[in-house]
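These notes concern the structure reproduced below.
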Amino acid sequence: MSLSSNLSKILIIDFGSQFTQLIARRVRELGVFSEIVSHKKIEITKIIKENLSGIILSGGPLNVYENDKFKFDKKILRLGVPILGICFGHQVLSKLLDGKVKKSKHREFGLATIKKVSNSILTKNFFNKDKTSNVWMSHADQVSKMPKNFKIIASTKNSKLTIIENTKNNFYGVQFHPEVTHTNKGKILLRNFVFLICKTKKNWSSKDQKLKLINEIKDQVGNNKVICGLSGGVDSSVVAQLLSKAIGKNLTCIFVNNGLLRKNEETQVVSTFKKKLKMNLIYVNAENEFIRKLSNVSDPEKKRKIIGNLFIKIFERYAKKIKNVQFLAQGTLYPDLIESKSVTGSQTSKIKSHHNVGGLPKIMKLKLVEPLKFLFKDEVRKLGLELNLSNDIISRHPFPGPGLAIRMPGIITKEKIKILKEADFYFIKALRDHGLYDKIWQAYAALLPVKTVGVMGDNRTYEHICLLRAITSEDGMTADFFDFPKGFMQLISNQIINNIRGINRVVYDITSKPPSTIELE
Ligand code: XMP
């Protein structure tokens with residue numbers, strides 16, 4: 001029996017929202033076990049037997065009047081378990097209970113202010129002193145007629161039924177998204193639902209998460225051999241440790257030097273994983289192969305696809321040598337999935353092909369093991385601590401699989417790589433020396449594909465622009481630029497220009513995500 005099968009849990013029914021995994025993450029943050037089931041796959045006979053303490057219905061891109069497009073068994077409403085409907089989930093709940101939903105005259109997207117109408121346990125400490133709270137909305141339809149036996153808890157100017165409740169049956173509906181950070185007190189509302197309404201006890205920690213993932217890996221791979229693409233970053237390091245605990249000697253890690261790594265990275269990774277952690281590690285120097293395949297390629301998506309494909313080719317080559325390898329493990333995280341493709345089959349648009357998701361070849365001989373694919377970066381870091389990985393590894397800034405290739409818009413040359421490696425080295429060293437590294441979520445140097453004129457020692461120069469990027473973020477999904485003191489900016493600009501030939505101008509990227517992304521390509 002799996003670790004989690006008899007735990008009481010919050011069941012999240014997914015209707016295809018981009019934020020469903022965020023709901024699960026918020027529940028995990030509260031120390032409570034949760035599970036997501038697609039509305040298409042839910043079986044009432046199965047969930048009747050489960051130890052449910054509450055149900056959350058997610059948002060989604062559908063309309064409730066398109067009955068044929070979504071499934072919801074009305075028997076779920078008779079389980080006697082508290083239910084919270086969020087956005088589309090709120091509309092489904094209302095419609096099934098004889099309310100009405102229609103297109104809103106005034107659609108609400110982004111920030112909205114809601115005003116308290118009555119008291120509710122759900123909104124304990126949720127409203128400010130002036131009885132308002134700022135929430136994040138994303139809806140074109142709205143509940144237009146209240147379902148039977150419900151009352152209004154809060155309204156906005158344009159939608160009266162923004163929070164509604166039926167305390168007799170413990171049904172609650174909210175039109176906004178409490179799971180996103182832009183809803184200022186969203187976590188309070190979810191906490192009230194989980195602890196005050198569902199009366200759940202804390203039953204989930206990083207340790208439980210670790211044991212669950214190890215069990216799932218064992219179930220998935222059995223006695224087969226697995227290779228793990230190790231980059232030395234926090235994600236693949238955590239995956240390698242999990243696999244090592246789950247399957248021991250059946251794991252071989254492969255570290256591919258694609259020539260697009262940071263200065264001295266290959267030496268550091270081999271030393272940490274082979275010498276210190278005693279992992280079974282193969283080092284592959286594929287520098288020339290990657291650079292050859294990328295020559296004259298400047299389109300960002302093409303670069304990503306070439307790199308993703310070549311990684312897999314190399315893994316397959318080594319899998320053949322080791323014999324009987326069936327699986328490839330990688331450190332894919334949830335944000336990689338969201339941005340590369342739609343996870344739920346909904347129409348979310350593709351932003352970029354993260355090398356280990358959208359950059360993979362269509363036909364692969366190896367089956368994927370991706371134990372972190374529903375986790376966010378900070379959760380992976382906690383898991384890393386639980387697995388006794390050193391702080392050095394855990395606190396490293398993220399580094400993308402395509403490496404310096406996507407920090408060098410335009411074509412890639414060995415000369416540019418050399419310059420960029422040096423610039424990045426000076427930037428990161430200065431951050432560490434000034435105690436700034438750990439205050440920043442991710443920082444790097446990039447080389448822009450334009451040259452500009454400068455003057456050095458009375459001579460004209462015509463050289464590259466180095467762009468510095470440093471951001472703060474919670475999970476890489478949204479980000480803001482880091483506010484450096486002027487003294488630090490002067491220092492790093494001088495250091496880069498004085499020490500590196502080929503750069504005569506340094507600029508700092510002051511865009512947030514959105515509208516930009518963290519990487520340049
Ligand atoms: P973006 O540029 O999409 O980056 O805002 C979000 C986070 O993802 C990292 N990133 C990648 N990581 N393979 C990876 O392993 C990739 O192809 C990839 N592309 C972006 C990026 O460094 C940032 O932390």
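Computed from the coordinates by the stated procedures, all read-outs in this text should not be read as laboratory data. Bear in mind the structure is a predicted one, so any value in this text is a computation, not a measurement. Cβ: placed from backbone, ideal geometry, glycine included. Neighbour counts: every protein chain shown.
Listing for the model above:
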item: Residue-by-residue Karplus 3J(HN,Hα) for segment 84-94, coefficients 6.51, -1.76, 1.60, Hz, glycine and proline x; result: 10, x, 10, 6, 4, x, 5, 6, 4, 4, 5
item: Nonlocal amide H pairs with Glu108, under 5 Å, H built at 1.01 Å; result: His139
item: Inverse mean reciprocal Cα-Cα distance (Kirkwood Rh) of the chain, Å; result: 25.2
item: Alpha-carbon centroids, segment 458-477 and segment 399-451: separation in whole Å; result: 8
item: Segment Asn498-Arg460, length gained on full extension (0.36 nm per residue, minus Cα span); result: 12.2 nm
item: Least to most buried among His139, His182, His397, His106 (fewest other Cβ within 10 Å first); result: His106, His182, His397, His139
item: Highest average packing first - 418-431, 11-24, Cβ atoms within 10 Å; result: 11-24, 418-431
item: Spin-label model distance (nm) - Met364 vs Asn296, 7 Å beyond Cα toward Cβ; result: 3.0
item: Karplus 3J(HN,Hα) series, Hz, for segment 382-399 with 6.51 cos²θ - 1.76 cosθ + 1.60 (x for Gly, Pro); result: 4, 4, x, 4, 4, 8, 6, 6, 6, 4, 3, 6, 5, 8, 5, 5, x, 9
item: Selected from Ile217, Val238, Thr332, residue furthest toward positive end of dipole (segment 206-394; charges at beta carbon); result: Ile217
item: Only Lys, Arg (+1) and Asp, Glu (-1) charged, at Cβ; segment 206-394 dipole about Cα centre in debye; result: 580
item: Positive dipole terminus of segment 413-508, leading residue within Pro485, Tyr437, Phe425 (C-beta point charges); result: Phe425
item: Lysine pairs meeting the criterion (Cα under 28 Å, 8 or more apart or interchain), as found in segment 413-508; result: 18
item: Partners for Lys275 among aspartates and glutamates (Cα-Cα distance below 19 Å; same-chain residues under 8 apart left out); result: Glu265, Glu266, Asp392
item: FRET efficiency for Lys71 and Thr181, using Cβ-Cβ distance with R0 set to 35 Å, rounded to 0.05; result: 0.70
item: Anchor Lys105: lysines whose Cα lies under 16 Å away (excluding residues fewer than 8 positions away in-chain); result: Lys145, Lys157, Lys160
item: Fully extended contour minus Cα-Cα distance, from Asp438 to Asp483, at 0.36 nm per residue; result: 14.8 nm
item: Top positive-direction residue, dipole computed over segment 206-394 with Cβ charges, set Ser298, Val284, Val270; result: Val284
item: Length-normalised contact order for segment 102-236 - Cα pairs under 8 Å, 6+ apart - percent; result: 22
item: Stretchable slack from Ile48 to Lys274, in nm (0.36 nm times residue separation minus alpha-carbon distance); result: 76.5 nm
item: Percent antiparallel among DSSP beta bridges (both partners in segment 3-197, rounded to 5); result: 55
item: Spatially proximal aspartates and glutamates relative to Lys199 (Cα-Cα < 18 Å; intrachain offsets below 8 disregarded); result: Glu29, Glu35, Glu50, Glu165
item: Computed label-point distance, nm, for sites Asn324 and Glu415 using a 7 Å Cα→Cβ extension; result: 5.2
item: Per-residue ³J(HN,Hα) for segment 192-202, Karplus 6.51 cos²θ - 1.76 cosθ + 1.60, θ = phi - 60°, Hz, x for Gly and Pro; result: 4, 5, 5, 9, 7, 8, 7, 6, 6, 9, 5
item: Paramagnetic label zone (point 7 Å from Cα along Cα-to-C-beta, Thr267; backbone N under 16 Å) in segment 496-521; result: none
item: Cα gyration tensor shape for segment 99-247, rounded if a/c is under 1.5, else prolate or oblate; result: prolate
item: Overall form of segment 249-325 per C-alpha gyration tensor (a/c, 1.5; a/b vs b/c); result: oblate
item: The chain, dipole about Cα centre (Lys/Arg Cβ +1, Asp/Glu Cβ -1), debye to the nearest 20; result: 1180
item: Local net charge near Thr272, Cβ-Cβ under 13 Å (Lys/Arg +1, Asp/Glu -1); result: +2
item: Segment 472-511: C-alpha gyration tensor shape, a/c 1.5 cut-off, then a/b vs b/c; result: prolate
item: Spin-label model distance (nm) - Lys245 vs Ala140, 7 Å beyond Cα toward Cβ; result: 4.6
